[in-house]
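Report on one structure; see the data block that follows.
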Amino acid sequence: MKTGGMIFQQLFEPVSSTFTYLLGCQETGEAVLVDPVMPAWQRDLKAVNTLGLRLVMTIDTHIHADHITAASVLKREAGSRIAIPEPDALPCTDVPMREGVPLQVGGVRIDPMHTPGHTDNHFALVAGDRVFTGDALLIDGCGRTDFQSGDARALYDSVRGKLFSLPGETLVYPAHDYNGRRVSSIAQEKQRNPRLGGDRTVEEFVELMDNLGLPYPKFIDYAVPGNRRCGECPPDLPAHLREYCEEMAQSPQG
Ligand SMILES: [Fe+2]
């Protein structure tokens, strides 16, 4: 799909149910991948190349706990630069991402928006009429706040104070969906999001997030250290977790 000079694709990685977004500039042929995932890096790079584009940057919205980023392998294979939230201060960062400093990929402008709460250094990304909300705002949901310096009050402010101040028609593209949905809008989430929409108060939200009773994230102990090195698979990965690092099977179309 091409919109106003921007080439756009939404890609899905089934092991962690993560969406990766390809944004490209028609004029210069430069492209970026937002939240690329290790098992899918070859498919995603192929998608960039098939469109006649050149991968110049990867962006991670935050340090992920549920998958390992493909930022480093893509840097090695395609020469892309690694954009990471500046406050994370990772030594492997090429482009420290901060609010107020747009990332420019050819004619495509991406505005990082600091949206803490899921993690303290989480960023959403605004590009034209779209917002890539990472794990701050999901369709009919939000990321959990019980790990990685998460903070339900901060998330409430990030979503209702910042993301919900975007124009209602802004399309919401989350980092995950576990139910087959792909896109929403700010207006829809403001009205209908069962956790953060309508007249939900901060006290109600904190109470709700404190009582989700979610299980311990099964990949976090490997994912976070691996992502703090911009995407390294640990050598001691147990067999039942190897699918997080092995190349995914590609569909005939892929
Ligand atoms: Fe996350």
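Using a 4.7 Å Cβ-Cβ cutoff, the cysteines of the chain lacking any partner cysteine are 25, 142.
Pop out the Kirkwood hydrodynamic radius of segment 110-221 from its pairwise C-alpha distances, inverse of mean 1/r, in Å to one decimal. Intermediate results must be reported in sequence, preceding the final value.
Working: mean 1/r = 0.0718 Å⁻¹.
The Cα-based Kirkwood calculation yields 13.9 Å.
Rounded to the nearest whole Å³, what is the per residue volume of the convex hull around the Cα atoms of segment 170-254? It would help to have the intermediate numbers written out before the result.
Working: hull volume 15.3 nm³, N = 85.
Convex hull of Cα atoms, per residue: 180 Å³.
The fraction of all Cα pairs in the chain landing in successive 10 Å bins from 0 to the largest distance is 7, 33, 38, 19, 3, given as whole percents. A Gaussian network model of the chain, with springs between Cα atoms under 10 Å, assigns the largest mean-square fluctuation among 91, 194, 14 to 91.
In segment 1-106, the DSSP beta bridges split such that about 60 percent are antiparallel, to the nearest 5. Give me the percent of DSSP beta bridges within the chain that run antiparallel, rounded to the nearest 5. Rounded to the nearest five, the antiparallel share is 65 percent. Extension gain, residue 239 to residue 76, is 56.1 nm, computed as 0.36 nm per intervening residue step minus the present C-alpha separation. Descending by average beta-carbon neighbour count within 10 Å, the peptides 212-219, 225-232 line up as 225-232, 212-219, the highest first. Extension gain, residue 202 to residue 221, is 3.8 nm, computed as 0.36 nm per intervening residue step minus the present C-alpha separation. Put simply, when 47-57, 153-163, 199-209 are sorted by average Cβ atoms within 10 angstrom per residue, most first, you get 153-163, 47-57, 199-209. Candidate cross-link partners of residue 190 among the aspartates and glutamates, defined by an alpha-carbon separation under 19 Å and a same-chain spacing of 8 or more, comprise 129, 135, 140, 157, 169, 177, 199, 203, 204.
Value of Rg to Rh for segment 31-163, rounded to two decimals, is 0.96; Kirkwood radius and Rg both from alpha-carbon coordinates.
Enumerate the aspartates and glutamates that residue 75 could reach by cross-link, defined here as Cα to Cα under 14 Å, with residues fewer than 8 away along the same chain left out. Result set, ordered by chain and number: 35, 44, 60, 94, 232.
None of the figures in this text is laboratory data; all of them are computed from the coordinates on show. Quick caveat: nothing in here was measured; it's all calculated off a predicted structure. Cβ sites come from the backbone with ideal geometry, for glycine too, and all protein chains shown count toward neighbours.
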